[in-house]
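Asks: Before I ask anything, let me first share the structure, which is written out below as structure tokens.
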Amino acid sequence: MREDKNIVATIYLKDGKAVVSRDDFSPVKGVADVYELVHRYNDSGIDKIIIFDLSDNDEEHERNIHTIKDINRNVEIKVCAGGNINRLEDIKKFIYAGCLQVIVNGSKPNSLELAQEASKRFGKERILVSMENVDFAFKNRDALNEFFHEILLLNTEIFDALENITDVPYVVYFEACDYEKIISVLKRKHVRGIAGAFINDPNSNIMELKSQLSAGGIKMDNFDPALKWKDLKKNSEGMVPVIVQDYRTDEVLMLAYMNEEAFETTINTGKMTYYSRSRGELWTKGMTSGHVQYVKSLTTDCDYDTILAQVSQVGVACHTGRPSCFFNEIVKKEYIEKNPLKILEDVYGIIMDRKDNPREGSYTNYLFDKGVDKILKKIGEESTEIVIAAKNPDPEEIKYEISDLLYHIMVLMAEKGVTWKDIMQELSKR
């Protein structure tokens, strides 16, 4: 079975901000900041992001590490980082900042030594190397297979020489978009993907690029629908209603309709596209407002006559400026929340509110006032209580002790600026 080829975006980080390239420190156009750029990549079909730290001093290096950590909190695709790596500690910082892989510079004299240490410590699947010529590969052909998972090839003229030396897979960096050449390169056995300035452009249509490469015989991770338009049951107007839901929160955002052209456009571009019955025309959500909906999944109901779309919503869904079109309450009955994560987030929100708006007599504020040592002491005490309760055959006692421990852990999380989103993202990697 052939492995999907990757589309890899590159971010150059200078002083915590995204810049055009190693040589051009002007800001990336079309985005407010690096976080908006990352969200574009995350939603538009990019398979992997490589971040290069362009810092030239320790203070800037730490600032960039902090930015990379924030990026990893908000991205769901693979992130690899490199740049300013002089010792094992620098590799460790990138990994602890949430990067799944770290890339060393093959032109630096100590890169092999660092890779050996890092691959033994963290596993070779986490170590990559960038190369502009075959010197590094030629001198270290045995070590390449032993210590490196992948190569970032920055020179498109040395394919044959490299493949005669090693079978380590590689990603190729193209200066310009040349479909014929890209398709030819991607058909090579050891090529895992492509990168390039044209991919880094935040306005590039990555799903369209993938569709064109797929048409050229390249296996891509793009939408290959299990159901076709002909499989769906249409209403009297020849359309199918679409319920749109936020993929993170499950909030229902809006209801719209698709005809066949809208359906096919959505599949090909990865952006929700509808048919506007009032205007009598195709309508890609966000084309004028910027409030794009990136497709995460499309599912039909049991009768094949309604589509449920889970999307990543940029901005708001409603033309009134509200997050959801559904805000006009008719009736409402109070109920006890049973969603486990929602309960944890609600309690955490109350704890954060106490931190920001202290209340006299609040036990939570007492813990914050006493500081982290007191919070840690309470966590230790509650952990011991769980051990004792676990010896009791009655499960009720351990239920209360675990609740107490979770509360104190959330106080610690609030003190350290860690959210449940951070925790869930970390758990998802386990």
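The values are calculated or read from the model by the stated rules, or taken from the named source; none is laboratory data. None of these values were measured; they are calculated from a predicted model. Note: ideal-geometry Cβ built from the backbone for every residue, glycine included; neighbour counts use all protein chains shown. Areas reflect the complete protein model, heavy atoms only, side chains present, ligands, DNA and RNA absent. Shrake-Rupley method; radii C 1.70, N 1.55, O 1.52, S 1.80 Å.
Asks: Please give the number of the condition K230 fails out of (1) in a helix (DSSP H, G or I); (2) within 14 Å of T284 (Cα to Cα).
Replies: With respect to (1) in a helix (DSSP H, G or I); (2) within 14 Å of T284 (Cα to Cα), K230 is out only on (2).
Asks: Just one of the numbered conditions (1) free of Cβ contacts under 8 Å to residues at least 40 places away in the same chain; (2) open to solvent by less than 60 Å² (accessible area, probe 1.4 Å) is not true of K69; which one?
Replies: Exception for K69: condition (2).
Asks: Can you tell me how many residues in segment 174-195 are open to solvent by less than 30 Å² (accessible area, probe 1.4 Å) and free of Cβ contacts under 8 Å to residues at least 40 places away in the same chain? It would help to see each step written out before you state the result.
Replies: First, pick out the residues of segment 174-195 that are open to solvent by less than 30 Å² (accessible area, probe 1.4 Å): 174, 182, 185-186, 191, 193-195.
Pick out the ones that are also free of Cβ contacts under 8 Å to residues at least 40 places away in the same chain and you get 174, 182, 185.
Here the count works out to 3.
Asks: Mind checking which residues of segment 266-287 are surrounded by fewer than 17 Cβ atoms within 10 Å (Cβ to Cβ), hydroxyl-bearing (S, T, Y) and not in a strand (DSSP E or B)? Show your work before the answer.
Replies: Quick first cut of segment 266-287, residues surrounded by fewer than 17 Cβ atoms within 10 Å (Cβ to Cβ) only: 276-282, 284, 287.
Checking which are hydroxyl-bearing (S, T, Y) leaves us with 276, 278, 284.
S278 - this is the single residue of segment 266-287 that is surrounded by fewer than 17 Cβ atoms within 10 Å (Cβ to Cβ), hydroxyl-bearing (S, T, Y) and not in a strand (DSSP E or B).
Asks: Ok, one more. Yes or no: L114 open to solvent by less than 50 Å² (accessible area, probe 1.4 Å) and part of a helix (DSSP H, G or I)? Please lay out each step first, then the result.
Replies: Values: open to solvent by less than 50 Å² (accessible area, probe 1.4 Å): yes; part of a helix (DSSP H, G or I): yes.
Against the criterion (open to solvent by less than 50 Å² (accessible area, probe 1.4 Å) and part of a helix (DSSP H, G or I)), L114 qualifies.
Asks: Ok, one more. When segment 237-265 is examined, which residues are found to be open to solvent by 40 Å² or more (accessible area, probe 1.4 Å), modelled with pLDDT of 95 or more and either in contact with a Gly (Cβ under 9 Å, 6 or more places away or on another chain) or hydroxyl-bearing (S, T, Y) (or both)?
Replies: Y257, E260
Asks: Taking the conditions exactly as written (without any contact (Cβ under 8 Å) to a residue 40 or more places away in the chain, on the phi < 0 side of the Ramachandran plot, open to solvent by less than 10 Å² (accessible area, probe 1.4 Å) and more than 18 Å from the chain's Cα centre (by Cα)), does L162 satisfy them or not?
Replies: Criteria met by L162.
Let's see how each residue does on (1) of a type in the set (G, A, S); (2) more than 16 Å from the chain's Cα centre (by Cα); (3) under 24 Å from G30 (Cα atoms):
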position: S44; (1), (2), (3): yes, no, yes
position: I77; (1), (2), (3): no, no, yes
position: G82; (1), (2), (3): yes, yes, no
position: N86; (1), (2), (3): no, yes, no
position: N105; (1), (2), (3): no, yes, no
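Asks: Could you check, for segment 215-227, whether at least one of its residues is in contact with a Ser or Thr (Cβ under 7 Å, 6 or more places away or on another chain), of a type in the set (F, W, Y) and open to solvent by 40 Å² or more (accessible area, probe 1.4 Å)? Show your work before the answer.
Replies: First, the residues of segment 215-227 that are in contact with a Ser or Thr (Cβ under 7 Å, 6 or more places away or on another chain): 220, 222, 227.
Narrowing the set further to residues that are of a type in the set (F, W, Y) leaves none.
The answer is no; no qualifying residue exists.
Asks: Tell me whether segment 288-297 contains one or more residues that are assigned to a strand (DSSP E or B), open to solvent by 60 Å² or more (accessible area, probe 1.4 Å) and in contact (Cβ under 8 Å) with a residue 12 or more places away in the chain.
Replies: Within segment 288-297, the subset assigned to a strand (DSSP E or B) is 293-297.
From what's left, open to solvent by 60 Å² or more (accessible area, probe 1.4 Å): 296.
Retained after the next criterion (residues that are in contact (Cβ under 8 Å) with a residue 12 or more places away in the chain): 296.
Yes, some residue in segment 288-297 is assigned to a strand (DSSP E or B), open to solvent by 60 Å² or more (accessible area, probe 1.4 Å) and in contact (Cβ under 8 Å) with a residue 12 or more places away in the chain.
Asks: Against the definition (open to solvent by less than 10 Å² (accessible area, probe 1.4 Å), within 21 Å of the chain's Cα centre (by Cα) and in contact (Cβ under 8 Å) with a residue 40 or more places away in the chain), how does I11 come out, yes or no? Walk me through how you get there before you give the answer.
Replies: Working: open to solvent by less than 10 Å² (accessible area, probe 1.4 Å): yes; within 21 Å of the chain's Cα centre (by Cα): yes; in contact (Cβ under 8 Å) with a residue 40 or more places away in the chain: yes.
Answer is yes for this residue.
Asks: Follow-up question, since we're still on this one. Please determine whether any residue of segment 334-341 is in a helix (DSSP H, G or I), open to solvent by 60 Å² or more (accessible area, probe 1.4 Å) and either in contact (Cβ under 8 Å) with a residue 40 or more places away in the chain or under 26 Å from N74 (Cβ atoms) (or both).
Replies: Initial filter on segment 334-341 (in a helix (DSSP H, G or I)): 340-341.
If we keep only those that are open to solvent by 60 Å² or more (accessible area, probe 1.4 Å) as well, we get 340-341.
Going one step further and asking which of them are either in contact (Cβ under 8 Å) with a residue 40 or more places away in the chain or under 26 Å from N74 (Cβ atoms) (or both), we end up with 340-341.
Scanning segment 334-341 turns up at least one residue that is in a helix (DSSP H, G or I), open to solvent by 60 Å² or more (accessible area, probe 1.4 Å) and either in contact (Cβ under 8 Å) with a residue 40 or more places away in the chain or under 26 Å from N74 (Cβ atoms) (or both).
Asks: Which one of these is open to solvent by 90 Å² or more (accessible area, probe 1.4 Å), acidic (D, E) and in a helix (DSSP H, G or I): D404, D369? Before the answer, list the steps.
Replies: Details: D404 fails: open to solvent by 90 Å² or more (accessible area, probe 1.4 Å).
Sole residue among the options that is open to solvent by 90 Å² or more (accessible area, probe 1.4 Å), acidic (D, E) and in a helix (DSSP H, G or I): D369.
Asks: Answer yes or no: is there a residue in segment 199-211 that is basic (K, R) and closer than 29 Å to V134 by Cα.
Replies: Filtering segment 199-211 down to residues basic (K, R) leaves 210.
Pick out the ones that are also closer than 29 Å to V134 by Cα and you get none.
Taking every residue of segment 199-211 in turn, none turns out to be basic (K, R) and closer than 29 Å to V134 by Cα.
Asks: The conditions are (1) modelled with pLDDT under 95; (2) in a helix (DSSP H, G or I), and N222 fails exactly one of them. Which is it?
Replies: The failed condition is (2).
Asks: Against the definition (within 32 Å of the chain's Cα centre (by Cα), open to solvent by less than 50 Å² (accessible area, probe 1.4 Å) and among the hydrophobic types (A, V, I, L, M, F, W, C)), how does I351 come out, yes or no?
Replies: Working: within 32 Å of the chain's Cα centre (by Cα): yes; open to solvent by less than 50 Å² (accessible area, probe 1.4 Å): yes; among the hydrophobic types (A, V, I, L, M, F, W, C): yes.
The answer is yes for I351.
Asks: Name the residue that is farthest from Q212 (Cα to Cα), counting only residues in segment 160-181 that are part of a helix (DSSP H, G or I) and in contact with a helix residue (DSSP H, G or I) (Cβ under 7 Å, 6 or more places away or on another chain). Quick ask: steps written out before the conclusion?
Replies: To start, the set of residues in segment 160-181 that are part of a helix (DSSP H, G or I) comprises 160-163, 179-181.
Next cut, in contact with a helix residue (DSSP H, G or I) (Cβ under 7 Å, 6 or more places away or on another chain) only: 162, 179.
Details: L162: 27, Y179: 8 Å.
Among them, the one singled out is L162.
Asks: If you scan segment 354-366, which residues turn out to be of a type in the set (D, E, K, R) and either under 33 Å from the mean Cα position of the chain (by Cα) or open to solvent by less than 80 Å² (accessible area, probe 1.4 Å) (or both)?
Replies: Taking segment 354-366 first, the residues of a type in the set (D, E, K, R) are 354-356, 359-360.
If the condition is that a residue be of a type in the set (D, E, K, R) and either under 33 Å from the mean Cα position of the chain (by Cα) or open to solvent by less than 80 Å² (accessible area, probe 1.4 Å) (or both), then R354, K355, D356 are the ones that fit.
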